[in-house]
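The values are calculated or read from the model by the stated rules, or taken from the named source; none is laboratory data. Everything numeric in this text was worked out from a predicted model, so none of it was measured. Cβ sites come from the backbone with ideal geometry, for glycine too, and all protein chains shown count toward neighbours.
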Amino acid sequence: GAGVSQTPSNKVTEKGKYVELRCDPISGHTALYWYRQSLGQGPEFLIYFQGTGAADDSGLPNDRFFAVRPEGSVSTLKIQRTERGDSAVYLCASSFPGLPHNEQFFGPGTRLTVL
Amino acid sequence: GENVEQHPSTLSVQEGDSAVIKCTYSDSASNYFPWYKQELGKRPQLIIDIRSNVGEKKDQRIAVTLNKTAKHFSLHITETQPEDSAVYFCAAKTDSWGKLQFGAGTQVVVTP
């Protein structure tokens with residue numbers, strides 16, 4: 001595909017459940033970022049990967065949030081014991097060393113609703 | 001860490017008028033300042049960016065200015081059109097691969 005894709009586009013879950021959100025970056029992009037966007041706010045950084053390793057996970061709010069990128073391509077954001085406050089749009093972005101200023105290209109997001 | 005503030009939160013302009021959005025940042029190490037446009041329900045898309053060694057950059061109807069001393073940067077849209085209606089976010093970054101720190105966004109409404 002031409003752009004970053006994310007699945008599912010919408011996810012409704014109940015408080016306390018476990019969810020996984022998937023991001024497919026642009027092919028060849030080595031850097032992958034996760035952001036969370038609450039209604040009326042700017043995206044808030046969660047974690048970023050350079051290849052398979054998490055280079056910066058300082059934005060993860062607590063240990064219920066975890067992300068992996070085992071083969072340096074697709075990434076999964078995992079949220080355990082979901083809470084209503086986790087409801088937001090989760091955005092993924094990817095980037096590549098050859099891009100000017102390492103521009104980040106965003107996916108369409110996954111809208112997570114925790115009931 | 002970096003903190004980015006953005007004003008105004010909403011901006012209504014008549015078609016053909018200019019729109020200006022202002023952002024301030026706190027970390028003097030920030031060296032890259034992109035602007036993203038986000039239409040309702042869509043992904044953020046980069047519209048223009050500027051590095052800290054440049055004071056101004058222009059691309060057709062949009063321009064960005066940067067004042068490193070005052071730690072603020074602004075987006076200028078001239079001859080606004082209805083399709084400019086969207087939420088605009090400023091952001092700042094301190095290192096090449098690092099995270100973007102976003103402002104809270106400005107809802108721009110262009111009325112015909």
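Output yes when any residue across segment A:44-56 is charged (D, E, K, R) and within 14 Å of chain B (Cβ to nearest Cβ), and no when none is. Yes.
Taking every residue in segment A:5-16 that is in contact (Cβ under 8 Å) with a residue 40 or more places away in the chain and pairing it with any residue that is of a type in the set (S, T, N, Q), at least 6 positions away or on another chain, the pairs with Cβ-Cβ distances below 7 Å are A:6/A:110; A:8/A:110; A:9/A:110; A:11/A:110; A:12/A:113; A:13/A:82; A:15/A:82; A:16/A:82.
Just one of the listed residues (B:39, B:2) is within 12 Å of another protein chain (Cβ to nearest Cβ), acidic (Asp, Glu), touching a residue at least 24 places away in the same chain (Cβ under 8 Å) and surrounded by 15 or more Cβ atoms within 10 Å (Cβ to Cβ), and it is B:2.
Please find, among B:62, B:50, B:77, the residue that is away from chain A (no Cβ under 11 Å), surrounded by 19 or more Cβ atoms within 10 Å (Cβ to Cβ) and either touching a Lys or Arg at 6+ places or on another chain (Cβ under 8 Å) or modelled with pLDDT of 95 or more (or both).
Working: B:62 fails: surrounded by 19 or more Cβ atoms within 10 Å (Cβ to Cβ); B:50 fails: away from chain A (no Cβ under 11 Å).
The unique qualifying residue is B:77.
Return the total of residues in segment B:89-105 being at the interface with chain A (Cβ under 10 Å from one of its Cβ atoms) and hydroxyl-bearing (Ser, Thr, Tyr).
Here is the first cut: in segment B:89-105, the residues at the interface with chain A (Cβ under 10 Å from one of its Cβ atoms) are B:89-91, B:93, B:95-105.
Still in the running and hydroxyl-bearing (Ser, Thr, Tyr): B:96.
Of the residues in segment B:89-105, 1 are at the interface with chain A (Cβ under 10 Å from one of its Cβ atoms) and hydroxyl-bearing (Ser, Thr, Tyr).
Of all residues in segment A:2-32, those that are on the phi < 0 side of the Ramachandran plot, out of contact with any Ser or Thr (no Cβ under 7 Å at 6 or more places or on another chain) and either modelled with pLDDT under 95 or surrounded by 18 or more Cβ atoms within 10 Å (Cβ to Cβ) (or both) total 4.
Tell me, please, whether a residue that is more than 9 Å from chain B (Cβ to nearest Cβ), within 27 Å of residue B:1 (Cα to Cα) and not in a strand (DSSP E or B) can be found in segment A:99-106. Among the residues of segment A:99-106, at least one is more than 9 Å from chain B (Cβ to nearest Cβ), within 27 Å of residue B:1 (Cα to Cα) and not in a strand (DSSP E or B), which makes the answer yes. Applying the criterion of being closer than 21 Å to residue B:102 by Cα and surrounded by fewer than 16 Cβ atoms within 10 Å (Cβ to Cβ) to the residues of segment A:58-82, the residue that is farthest from the other protein chains (Cβ to nearest Cβ) is A:62. Residues of segment A:5-34 that are over 30 Å from residue A:100 (Cα atoms) and among the aromatic types (Phe, Trp, Tyr): A:18 alone. Residues in segment B:99-112 that are out of contact with any helix residue (DSSP H, G or I) (no Cβ under 9 Å at 6 or more places or on another chain) and buried (at least 18 other Cβ atoms within 10 Å of the Cβ): B:99, B:100, B:101, B:102, B:103, B:105, B:106. Sub-7 Å Cβ pairs linking a first residue in segment B:6-22 that is more than 20 Å from residue B:73 (Cβ to Cβ) to a second residue that is modelled with pLDDT under 95 and assigned to a loop (DSSP other than H, G, I, E, B), at least 6 apart or interchain, are B:15/B:112, ordered by first then second residue. From the residues in segment A:83-98 that are more than 10 Å from chain B (Cβ to nearest Cβ) and free of Cβ contacts under 8 Å to residues at least 60 places away in the same chain, which one is surrounded by the fewest Cβ atoms within 10 Å (Cβ to Cβ)? Filtering segment A:83-98 for residues that are more than 10 Å from chain B (Cβ to nearest Cβ) and free of Cβ contacts under 8 Å to residues at least 60 places away in the same chain, the one surrounded by the fewest Cβ atoms within 10 Å (Cβ to Cβ) comes out as A:98.
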